[in-house]
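I have placed the structure first, in the form of structure tokens, so that the comments after it can refer back to it.
No lab work stands behind these numbers, since they all come straight from the coordinates. Source: prediction; values computed, not measured. Don't worry about glycine lacking a Cβ; one is built from the backbone with ideal geometry, like all the others, and counts go over all protein chains shown.
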Amino acid sequence: MILSDPSRWLHSSCLRTSQYDFPSLRFRVSHRKDIRNITVNWPRASSLIFASLLVLCTSALHARSVDEAKRLQELTTAADVGDAEAEYSLARFLLTSEGDADDKTKALDLMRKAAGKGHADAIGGVGYFYSVGVGVALDEAQAVEWFRKGADKGSAKAQLNLGLMIANGKGVPKDEAEGLRLIDIAANKGQRDALYSQAETYFYGQFGRGMDYGKARAGFQKAAEAGHAGAQNNLGAILRDGLGAEKDESAAIGWFRRAAEQGFAKAQSNLGHLLGVNVEDRARRLEALKWTMLASDRGEITAVKTIEELTPNARPEDLIEARKMARLFQAKREGDGR
């Protein structure tokens, strides 16, 4: 498959897969002890949550910079001669870019080719397409079959996704104990999405597991250190609220900032709130406004409300300066291809 014009991908917006959430699968949430982004109305949102946790597309490729476009062309060239890793990586890119339906079909074709060569993650990757009905009809039983094949080959991603399917009773009879066992196997391999999912099971007491803030914090910490933006945000919230340990506002700010710099909207909102949009220190106030504006621009509900309430009485010069800072931040991210 030749991409005759790699520049078409320069303006593609890849999903922040470390969040596990695809735009069509995002969900509104309520506040609970303020890990605000993950407390949900389970009956209404469970299917969306489950789908968003499937992690094929974490750490997806981005191609907004010249270097990234060059890398994309290299992948395409390698895929054209049958390199399984390149086929898998290119399939992930096509799946997560803002392309058309043909791109998703090409992505599935590439994933199947890599799977046929024994690529463990690609074998599990084919299951993803069936699990959400992209490129093929939705078929949870087929998804489970592919995830199981990938898991048997040792893919931590496939083990995690299989565990989530089984624990939620998707495509197979529900078996929370077996689902947890597979999630734990994947997490014990250090797979960061699995570490995050495992931490959630401890934080919420999911799948029959007892709540344990200490273990949840430890899991989020490991995933956060591996660069998982969602884990960085949740760890920040835990440290801010003192769940499982003493409160540490300074450390919370640090983790919120790391996630915010990855473009994680909830962390941007949390960081803006913790820094304080009304504090006396102007530098801190402007930074808080910057992050709140960025989160609001992406529709994060708390930030949207904050900006709506703040704007009528805010200092005009602060709003102008903060908006300038927000634009500079966004321009740098786009220039860096992130």
For D212, which sequence-distant residues (separation of 5 or more, or a different chain) have an amide H within less than 5 Å of its own amide H, given hydrogens modelled in the peptide plane?
F203, G205
Ignoring solvent entirely, what values of log10 I(q)/I(0) come out of the Debye formula for region 117-262 at 0.14 Å⁻¹ when each Cα is a single scatterer?
-0.69
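Which ordering of H228, H273 is given by a fewest-first count of other beta-carbon atoms within 10 Å?
Values: H228 28, H273 20.
Going from least to most buried by this count: H273, H228.
Above 15 Å lies some portion of the pair distances; for region 86-141, what is it as a whole percent of all C-alpha pairs? If you can, show how the numbers build up before the last one.
Values: 607 of 1540 pairs.
Roughly 39 percent, rounded to a whole number.
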Based on alpha-carbon centroids, what's the gap between region 294-338 and region 158-226 in Å, whole number please?
35 Å
DSSP loop GluC sites (Glu not before Pro) in region 231-333 with at most 16 other Cβ atoms within 10 Å of their Cβ, which ones?
E246, E280
Estimated FRET transfer efficiency (D248, E309; beta-carbon r; R0 45 Å; 0.05):
0.95
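Let me spell out the model: positive unit charges on the Cβ of Lys and Arg, negative unit charges on the Cβ of Asp and Glu, origin at the Cα centre of region 212-322. What dipole size does that give, in debye rounded to 20? Walk me through the intermediate numbers first.
Values: 15 positive and 17 negative charges, 64 e Å.
It works out to roughly 300 debye.
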Taking a ≥ b ≥ c as the square roots of the eigenvalues of the Cα gyration tensor of region 156-232, is the shape rounded (a/c under 1.5), prolate (a/b larger than b/c) or oblate?
oblate
Please report, in Å, the Rg and the Dmax of region 183-338, where both are computed over Cα atoms only.
16.9, 54
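Taking a ≥ b ≥ c as the square roots of the Cα gyration tensor eigenvalues, with a/c under 1.5 meaning rounded and otherwise prolate when a/b beats b/c, else oblate, which class fits region 228-305? Write down the numbers at each step before the final one.
Numbers: a/c = 1.91, a/b = 1.24, b/c = 1.54.
It comes out oblate by the Cα gyration axes.
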Only counting other Cβ atoms within 10 Å, I'd like T77, T201 sorted with the fewest neighbours first.
T77, T201
Label zone at R327, where the point sits 7 Å out along the Cα-to-Cβ direction: region 280-321 residues whose backbone N lies under 18 Å
286-287, 289-298, 316-321
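Among the listed pairs K104/K215; K170/K332; K70/K266; K106/K324; K70/K104, give every one whose C-alpha distance is greater than 30 Å. Let's see the in-between values first.
Numbers: K104/K215 38 Å; K170/K332 41 Å; K70/K266 32 Å; K106/K324 40 Å; K70/K104 21 Å.
Where the Cα-Cα span goes over 30 Å, the pairs concerned are K104/K215; K170/K332; K70/K266; K106/K324.
Dividing the convex hull volume of the alpha carbon atoms of region 96-175 by its residue count, what do you get in Å³ per residue? All intermediate terms of the calculation are to be shown ahead of the outcome.
On the way: hull volume 6.3 nm³, N = 80.
Spread over its residues, the Cα hull of region 96-175 gives 79 Å³ apiece.
For a footprinting-style exposure proxy, rank V136, V126, V172 by other Cβ within 10 Å, fewest first. Numbers along the way, then the final one.
Numbers: V136 15, V126 27, V172 18.
Going from sparsest to densest Cβ surroundings: V136, V172, V126.
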